[in-house]
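Below: one structure, written as structure tokens.
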Amino acid sequence: MSDILNLSGSIIGRILLADIVPYLTPFSLALVITILVFTVFLTLSTPEFRAMIQFKKDVVGTSTVEKKEARFRRFMTILCGVALLGVVTTGDLFNFALFVSLVGVTNLGIFAGVKDSHVLNAAFQYGLVIMICSLPLFGGVAITLARTGTLSMGVLAVIPADPLVNISRALLIIGAIGEGALAPFFATKVEMIRAKGAPYINMMHLSSLMVFTRIIEIIFIMG
Amino acid sequence: MIGRIFNSLAKPDKVPKAFAFAIMLVLLVSLVYSYQLNPEQLYTKPAPQVQIEMAQENVDVSYNLAPYNRGGTPLDPEDRGIVKSQYETGNLGWITAYLTPFSQWLRNISYRFGTTILSHPGGILDEILYYTRGLDTILESTILFVAFTIASWVILNRTEKERKDREK
């Protein structure tokens with residue numbers, strides 16, 4: 001428990017419902033407020049109008065996403081916001097892995113509505129990464145459970161570090177990098193961001209940021 | 001050389017391969033360590049196939065659940081059996097194995113109930129392994145349903161486009 005206190009301050013509130021143990025600290029409260037404000041903002045905003053100019057022709061105009069497509073992507077954005085709330089508040093390692101993979105799938109969903117084939121191709125590659133990184137993510141959680149006998153972050157913070165737990169930390173961080181499309185693997189992301197429909201795409205950046213913040217916190221808690 | 005590697009990472013179709021390679025490196029490092037389970041979390045299992053001998057002697061019908069029975073009586077907080085709660089609070093571990101009437105009937109007639117993954121709603125593996133972890137089952141199926149939604153959306157768009165192309 002001391003690690004949690006050192007990292008993010010005293011625990012403000014906690015929901016005690018069997019394995020559903022989300023807890024709020026001043027740090028995670030700030031993240032929750034950011035996610036809520038951002039999700040509401042994205043839900044209420046309308047898709048962008050992108051200027052379209054074809055050279056050597058008399059074509060100047062705007063293009064935007066269809067209403068049906070925008071509705072689907074808005075739904076996925078809201079779902080991604082809900083999954084992110086779970087990521088930053090959960091106090092259980094396995095639930096964290098599940099929430100992170102839900103974030104990955106909904107991120108993919110935001111781009112699946114696009115009709116450009118090069119965007120869909122890049123999204124397909126990102127989907128492959130998401131599928132691959134369920135192995136390190138859940139493998140890391142399983143090694144932690146087998147070694148320490150607990151998944152609760154409050155208990156894990158007290159248990160001293162151990163080489164096997166370090167392996168599962170490495171696996172967790174590589175899994176989170178894949179799901180959140182973080183640093184070295186964002187070539188797919190750049191290709192996907194060329195799609196139309198700006199406000200919803202920002203959810204992907206927010207989820208990358210939140211998953212990164214949370215995985216660093218968890219790495220410190222487990223150590 | 002380094003420049004060529006970084007340039008090849010910029011192509012989306014190289015990314016999953018690079019990612020799988022990175023995971024392979026970490027897993028290779030992890031092979032060095034020796035793996036032991038935490039002894040506090042292990043519970044005594046009946047020996048495999050013991051239920052057949054026990055049942056022939058009419059000892060105890062709960063042995064039909066082997067290797068998954070942990071002793072105790074279902075729904076009785078006084079007689080919990082061997083279940084270790086991961087959290088101090090809450091009602092975890094009160095129910096060792098809640099069986100639906102169908103599962104009870106199946107346990108009474110079959111020796112091999114514990115060794116079978118039953119596909120009826122609330123199969124025994126679900127009931128025993130998942131009872132103590134409730135949210136996980138909901139989250140897992142949520143991920144599955146979101147994936148189905150995305151896949152059906154993509155297929156729907158494609159068939160609509162094909163239909164429009166044919167009408168042209």
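The values are calculated or read from the model by the stated rules, or taken from the named source; none is laboratory data. Since the structure is predicted, the reported quantities are computational estimates derived from the model, not experimental observations. Every residue, glycine among them, receives a Cβ derived from its backbone with ideal geometry; neighbour counts consider all protein chains shown.
Results for (1) more than 9 Å from chain B (Cβ to nearest Cβ); (2) within 22 Å of B:Ala147 (Cα to Cα); (3) more than 15 Å from the chain's Cα centre (by Cα), shown as yes or no for each residue.
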site	(1), (2), (3)
A:Ile33	yes, no, yes
A:Val40	yes, no, yes
A:Thr46	yes, no, yes
A:Glu69	no, yes, yes
A:Asp92	no, no, yes
A:Asn95	no, yes, no
A:Phe99	no, yes, no
A:Ile110	yes, yes, no
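Looking across segment A:71-90, just one residue is at the interface with chain B (Cβ under 9 Å from one of its Cβ atoms) and under 16 Å from A:Ile130 (Cα atoms), and that is A:Ala83. Considering (1) within 14 Å of chain A (Cβ to nearest Cβ); (2) modelled with pLDDT of 70 or more, the lone condition that B:Gln41 does not fulfil carries the number (2). Taken over segment A:116-166, the criterion of being modelled with pLDDT under 80, more than 8 Å from chain B (Cβ to nearest Cβ) and closer than 21 Å to B:Val32 by Cα is satisfied by A:Pro160, A:Ala161, A:Asp162.
Look at segment A:144-167: where a residue is closer than 14 Å to A:Ile221 by Cα and a partner is part of a helix (DSSP H, G or I) and modelled with pLDDT under 80, sitting 6+ places away or on another chain with Cβ atoms under 6 Å, you get A:Ala157/A:Asp3; A:Ala157/A:Ile4.
Listed by first and then second residue, the pairs linking a residue in segment B:1-30 that is under 15 Å from A:Ser134 (Cβ atoms) and facing chain A (nearest Cβ under 9 Å) to a residue that is among the basic types (Lys, Arg) and assigned to a helix (DSSP H, G or I), with Cβ atoms under 7 Å apart and 6 or more places separating them unless they lie on different chains, form an empty list. Checked against the criteria, A:Ser101 counts as among the hydroxyl-bearing types (Ser, Thr, Tyr) and touching a residue at least 12 places away in the same chain (Cβ under 8 Å).
All conditions in (1) within 14 Å of another protein chain (Cβ to nearest Cβ); (2) modelled with pLDDT under 85; (3) in a helix (DSSP H, G or I) hold for B:Thr132, with the sole exception of (3).
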